[in-house]
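Chemist: Mind having a look at this structure? Questions to follow.
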Amino acid sequence: MIAKLAQANKIYESPAGRVTALDKSDVELHEGELLLIIGPSGSGKTTLLSLIGCLINPTEGELEIDGKKTANLSAKEMATIRLNTIGFVFQQFNLLAPLTAEQNVGFPLQMQGLSNAEIKRKTEEALQMVNMLEHKKKLPKQLSGGQQQRIAIARSLVTNPKIILCDEPTASLDKDSLAVVMNELKELAKTGKSVAVVTHDPRLAKYADRAIEVKNGQVYPLENIQESIH
């Protein structure tokens, strides 16, 4: 187990009163596993992903990442966990338009303060893992949607994180690109990483080792992924 939410929830205060984005939930992420987090829009699945990703803090309950309980960590310590332990992949790729594929992937390493030689080595390794090394000098606008998403995956894994969190990573992709991207994520899970994918796309069921459903802020385990996701 690499991450654990224990009776964790998220409640926001609004002018209309308290809004519960996620009820008290128990969720575990395991090494070597691709976990699907499914559910309709507004169900709380992105809130769940944001909690696991240390982007927001639980209102109640505990979050443990790589053996560390996060409740008493400073903002700087939380940022260090996000940079070194967690990789993020988003639906819209979030690549920086003026930068080449190589520069986009190397950006987190610059934030870590590594030498140029080390950045180059690790960047090329990450691009090789997603079969995009030959496109390293291209700008995002010169790449297809599927290729951009693979660059985004390379950027997420360049720091060698233990956890990769993906928010609707295939929503903008056609069938062929979806298969390539999900196979890349599946292979990453097999290397020992924990990969969690938020989706409402039934095509992703066959790639999952395990799935949970978030519905009206409640988390439920799914025993039969293929049937439940349709």
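Chemist: Per DSSP helix of 4 or more residues, -39500 (n - 2.57); summed, then divided by the residues of the chain. What does that give at 222 nm, rounded to the nearest 500? Before the final figure, lay out each step's value.
Modeler: Values: 7 runs with 77 residues, N = 230.
Estimated from H runs of four or more residues: -10000 deg cm²/dmol.
Chemist: May I pose another question? What do you get for the angle between helix 101-112 and the principal long axis of the chain? Use alpha-carbon atoms, 0 to 90 degrees, nearest ten.
Modeler: Helix 101-112 and the main axis of the chain meet at about 60 degrees.
Chemist: Right, something else. For the stretch 196-209, what does the Karplus curve 6.51 cos²θ - 1.76 cosθ + 1.60, with θ = phi - 60°, yield as ³J(HN,Hα) per residue in whole Hz, taken in order and with x for Gly and Pro?
Modeler: Result, ordered by residue: 10, 10, 7, 6, 10, 9, x, 5, 8, 4, 5, 8, 8, 8 Hz.
Chemist: Which of the listed residues, L133, T85, A6, is farthest toward the dipole's positive end in the chain, when Lys, Arg count +1 and Asp, Glu count -1 at the beta-carbon?
Modeler: With unit charges placed on the Cβ atoms, the residue in question is L133.
Chemist: Suppose every Lys and Arg Cβ carries +1 and every Asp and Glu Cβ carries -1, with no other charges. What dipole size does the stretch 1-96 come out with about its Cα centre, to the nearest 20 debye? Don't skip to the end; give the middle numbers.
Modeler: On the way: 9 positive and 11 negative charges, 58 e Å.
Around 280 debye, computed over the stretch 1-96.
Chemist: Also: Of P108, T159, P98, which is farthest along the charge dipole of the stretch 91-160 in the positive direction, counting Lys and Arg as +1 and Asp and Glu as -1 at C-beta?
Modeler: Result: P98, furthest along the dipole toward the positive end.
Chemist: How many lysine pairs are close in the stretch 172-216, with Cα atoms under 17 Å apart and the two 8 or more places apart or on different chains? Write out the running numbers ahead of the final one.
Modeler: On the way: K175/K186; K175/K206; K186/K206; K190/K206.
Within the stretch 172-216, the lysine pair count is 4.
Chemist: Here's another thing I want to ask about it. Among all the lysines, which ones have a C-alpha under 20 Å from K120's C-alpha, if same-chain residues fewer than 8 places away are not counted?
Modeler: K136, K137, K138
Chemist: Can you list the residues, at least 5 places off or on another chain, whose amide H is less than 5 Å from the amide H of K215, using H built in the peptide plane?
Modeler: Y220
Chemist: Can you list the HN-Hα couplings for the stretch 48-56, worked out from phi with the Karplus curve (6.51, -1.76, 1.60; θ = phi - 60°), rounded to whole Hz and with x for Gly and Pro?
Modeler: 4, 5, 5, 5, 4, x, 6, 8, 9
Chemist: Same structure, new question: Can I get the semi-axes of the chain's equivalent ellipsoid? Compute them from the C-alpha gyration tensor as square roots of 5 times the eigenvalues, in angstrom, largest first.
Modeler: Working: eigenvalues 166, 91, 50 Å².
The three semi-axes for the chain are 29, 21, 16 Å.
Chemist: Right, another one. Compute the helix-to-body angle for 175-190: its Cα long axis versus the longest principal axis of the chain, expressed 0 to 90° and rounded to tens.
Modeler: 80
Chemist: Also: In degrees from 0 to 90, rounded to the nearest 10, what is the angle of the helix 116-129 Cα long axis to the longest principal axis of the chain?
Modeler: 70
Chemist: Grab the Cα-Cα distance for L133 and T191, subtract it from 0.36 nm times how many residues apart they are, and report the gain in nm with one decimal. If you can, show how the numbers build up before the last one.
Modeler: Numbers: separation 58, 0.36 × 58 = 20.88 nm, distance 1.96 nm.
Separation in residues times 0.36 nm, less the Cα-Cα distance, equals 18.9 nm.
Chemist: Cα centroids of the stretch 33-84 and the stretch 134-212: how far apart, whole angstrom?
Modeler: If you average the Cα positions of each part, the centres end up 19 Å apart.
Chemist: How much length, in nm to one decimal, is gained on full extension between N84 and N183, taken as 0.36 nm per residue of separation minus their Cα-Cα distance? Before the final figure, lay out each step's value.
Modeler: Details: separation 99, 0.36 × 99 = 35.64 nm, distance 2.36 nm.
Result for the pair: 33.3 nm of gain on full extension.
Chemist: When the dipole is taken about the Cα centre of the chain, and only Lys, Arg (+1) and Asp, Glu (-1) are charged at their Cβ, what size is it in debye, to the nearest 20?
Modeler: On the way: 27 positive and 27 negative charges, 128 e Å.
So the dipole magnitude of the chain works out to roughly 620 debye.
Any read-out appearing in this document is the output of simple, stated calculations on the displayed coordinates, not a laboratory observation. These figures come from a predicted structure and were not determined experimentally. Heads up, the Cβs are rebuilt from the backbone with ideal geometry, glycines too, and the neighbour counts pull from every protein chain shown.
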